[in-house]
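Read through the structure below, which is laid out as structure tokens, and then see the notes.
The values are calculated or read from the model by the stated rules, or taken from the named source; none is laboratory data. Worth saying up front: this structure is predicted, and the values here are computed from it rather than measured. Here the Cβ positions follow ideal geometry from the backbone for every residue, glycine too, while neighbour counts run over all protein chains shown. For accessibility, only protein heavy atoms count, side chains too; no ligands or nucleic acids. Shrake-Rupley method; radii C 1.70, N 1.55, O 1.52, S 1.80 Å.
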Amino acid sequence: MGYSITQKLLKAHLLEGTLEPGGEIGIRIDQTLTQDATGTMAYLQFEAMGISRVKTELSVSYVDHNTLQTGFESADDHKFLQGMAARHGAYFSRPGNGICHQVHLERFGVPGKTMLGSDSHTPTGGGLGMFAVGVGGLDVAVAMGGGPFYLRVPKVVNIQLHGRLKPWVVAKDIILEVLRLLSVKGGVGKVLEYGGDGVANLSVPERATITNMGAETGATTSVFPSDDITWQFLRAQGREKVWVELLADPDAAYDEVIHIDLGGLEPLVAQPHMPDNVVTVSAIKDLKVDQIMIGSCTNSSYLDLMRAAAILKGKVVHPEVSLVIAPGSRQVLTLLAKNGALTDLVQSGARILESACGPCIGMGQAPASGAVSLRTNNRNFAGRSGTKDARVYLVSPETAAAAAITGVITDPRVLEDYPEIELPQDFAADDSLVIPPGDTDVEVVRGPNIKALPVAKPLPVNLSGEILLKVSDNITTDHIMPAGSKVLPFRSNIPAMSKFAFEPIDPTFPERASAAGGGIIVGGENYGQGSSREHAALVPMYLGVKAVIAKSFARIHRDNLINFGILPLTFAHAEDYDRLDLGDSLEIPEVAGTLAKGLEIKVKNLAKGYEFVAVAGMTDRQIAILRAGGLLNFTKENS
Ligand code: MIC
Ligand code: SF4
């Protein structure tokens, strides 16, 4: 029996365990990526581990999230990150150089390598044939220190792409179709591996759009083969030397196969407020649009923006629409400036933003009250845009550009000829905004926004507490620890950040949690989906949360809870969720011992006088982490 691409990548990096389905393995990590909103913590944690230089083949620290700099905080963070990168042996991508995933694809990604990134869209690298996984900052810190990354052997879903897309139907529509099929939790525990003859018709940036937004299915990662198309992209980046071929064996076995006929797809849109709420664009055509944003790590490549520019050339943006465009990288922006497409965009009335995440993470450009905002991003969670009642629809750049002209949701197929854009033969790469590692004696500047790391406590003998919050299904990390221009500047200042915990759901949470001396959270399905931000675990830990009992968890968030010493449990019987109320007092006697012995976990509801069963489903390593009081303590104890 042959191997899939996923199996080949895992086999080549296997350090511990065997590739038996469901078992835990440890793999070697070749590259890491951090961004500024998660990077400050990751580097503080790396520092706390006492290792002087990163032990990976390559680590890059990007600044792309907090570039609005509404106060001194973010600029302080950037200085700190620059110093830490130099001192500890990482490359530093300066603000203005672009969004981490786009720049990494262009300048650093290598087929056949593994990568961990403290950002959930790290799987963008799968577009180049990497095994690239989004995790919390602490997991990245451990990998920078040379530690293995542990994961359960994922199931591999083969997504067979057949044929060729019709004009005006693009990569974004493929991933929206995958989301329609799989839902926001259908990818949990799985790798989405693309194959089929249709793959040959997709360029690397188009493949990267698909692997990027695969994160929204909850998948561990997504991966494309590394083939001639990959070679061409790398050659145009002046990096063909790093190319290796990586193909699935013809007789590779998969856990599941999905077939998508590319020729049968049409332009799609994810409606508010979930990326899997997908319908055809034509089904909601003529809906009035107030704002349009073309950008984000999903859709801000050269191809995306050139097509948008071609559509907008010679036209003016509809008077009732605000169109903003954030190019994914300085490389993309430079090419558009040189070939005149930037002029076409500016003349159409597009508002050009710097090459950064920007509005995707609520860093500016919040829409008007109740506005309809059409975005090329990957997430449309309620409130993420910065406006609570805005309605965000996710589309391709082509659909976005069409609406920018008409002022209403428009199937782009009604437009004239589809702009045929070729990728440049030479991207004229320029890495002058990337600073290579410096000496170990580089001084690290720590502004007042860099606060000490809060450290988790070991698991108590008996875990008890009241239910501080009970939430429904699909609660995102944007609900738990919102981002946006008000909160993001405090990512390295946990006391300040903690004031915003659960703000979109219950702004009284931080005060109540502190007053109660901590407690327990009850969640529905897919608790913690979305971002990799460990702050969604770190802040609840800081506020005294000891356990989260949910119907199911998103992968990264569950790992983050364990990393910060919070016990994640699932209901053995989902109906037990209904019996719990806010304020109920719960107790798990002998919790550490019960976990260690692998026994059934009995949770007593002291308020109502009954008992229910919860499941831990943890590996011995995860139990040891909890008992040590989180991954940082565990790593220090074991090094
Ligand atoms: C996001 O898209 O939500 C973010 C902001 O990039 C996060 C990382 C963070 O919260 O810093 C992510 O996707 O992991
Ligand atoms: Fe940045 Fe948005 Fe991509 Fe997150 S999803 S990395 S905020 S562009």
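Annotations for the structure displayed:
- Contacts under 6 angstrom Cβ, first residue in the stretch 393-405 being in contact (Cβ under 8 Å) with a residue 24 or more places away in the chain and surrounded by 24 or more Cβ atoms within 10 Å (Cβ to Cβ), partner small (G, A, S) and outside any strand (DSSP E or B), 6 or more apart: P397/A308; A401/A308
- Selection from the stretch 488-537 of residues that are polar (S, T, N, Q) and within 16 Å of ligand 1 (Cβ to nearest atom): S492, N493, S498, N526, Q529, S531, S532
- For L287, the requirement of being under 30 Å from S532 (Cα atoms) and away from ligand 2 (no atom under 16 Å from the Cβ) is not met.
- Yes/no for V157 being open to solvent by 10 Å² or more (accessible area, probe 1.4 Å) and over 14 Å from the mean Cα position of the chain (by Cα): no
- Among the residues listed as L595, L582, L586, the single one being in contact with a helix residue (DSSP H, G or I) (Cβ under 9 Å, 6 or more places away or on another chain) and away from ligand 1 (no atom under 16 Å from the Cβ): L595
- In the set (1) within 14 Å of ligand 2 (Cβ to nearest atom); (2) in contact with a Lys or Arg (Cβ under 7 Å, 6 or more places away or on another chain); (3) not hydrophobic (A, V, I, L, M, F, W, C), the condition left unmet by T122 is number (2).
- The residue of the stretch 488-516 that is farthest from ligand 2 (Cβ to nearest atom), among those that are without any contact (Cβ under 8 Å) to a residue 40 or more places away in the chain and part of a loop (DSSP other than H, G, I, E, B), is T508.
- The lone criterion from (1) within 16 Å of ligand 1 (Cβ to nearest atom); (2) assigned to a loop (DSSP other than H, G, I, E, B); (3) open to solvent by 30 Å² or more (accessible area, probe 1.4 Å) left unmet by S485 is number (2).
- Cβ-Cβ under 6 Å pairs, at least 6 apart or on other chains, the stretch 27-40 side under 13 Å from R94 (Cα atoms), far side open to solvent by 10 Å² or more (accessible area, probe 1.4 Å) and away from ligand 2 (no atom under 16 Å from the Cβ): none
- Looking only at the stretch 221-242, and only at residues there that are under 17 Å from G195 (Cα atoms), open to solvent by less than 10 Å² (accessible area, probe 1.4 Å) and of a type outside the set (F, W, Y), the one that is nearest to the chain's Cα centre (by Cα): T221
- Matching residues, the stretch 178-194, being over 16 Å from the mean Cα position of the chain (by Cα) and either among the basic types (K, R) or assigned to a helix (DSSP H, G or I) (or both): V178, R180, L181, L182
- Any hit, the stretch 545-568, residues being open to solvent by 10 Å² or more (accessible area, probe 1.4 Å), at pLDDT 95 or above and farther than 30 Å from A143 by Cβ: yes
- G528 being without any contact (Cβ under 8 Å) to a residue 60 or more places away in the chain and crowded, with 23+ Cβ neighbours inside 10 Å: yes
- Residue within the stretch 437-448 that is open to solvent by less than 10 Å² (accessible area, probe 1.4 Å) and in a loop (DSSP other than H, G, I, E, B) present: no
- Listed here are the helices (runs of 4 or more DSSP H) enclosed by the stretch 559-639 that have at least 1 residues being in contact with a strand residue (DSSP E or B) (Cβ under 8 Å, 6 or more places away or on another chain), free of Cβ contacts under 8 Å to residues at least 12 places away in the same chain and acidic (D, E), and there are none.
- Single residue of G386, G358 found to be touching a residue at least 40 places away in the same chain (Cβ under 8 Å), under 15 Å from G484 (Cα atoms) and within 17 Å of the chain's Cα centre (by Cα): G358
- Checked against the criterion of being open to solvent by 30 Å² or more (accessible area, probe 1.4 Å), of a type in the set (F, W, Y) and away from ligand 2 (no atom under 16 Å from the Cβ), the stretch 36-46 has no qualifying residue.
- Screening the candidates E466, E534 for the property of being surrounded by fewer than 24 Cβ atoms within 10 Å (Cβ to Cβ) and either of a type in the set (D, E, K, R) or out of contact with any strand residue (DSSP E or B) (no Cβ under 7 Å at 6 or more places or on another chain) (or both) yields one hit, E466.
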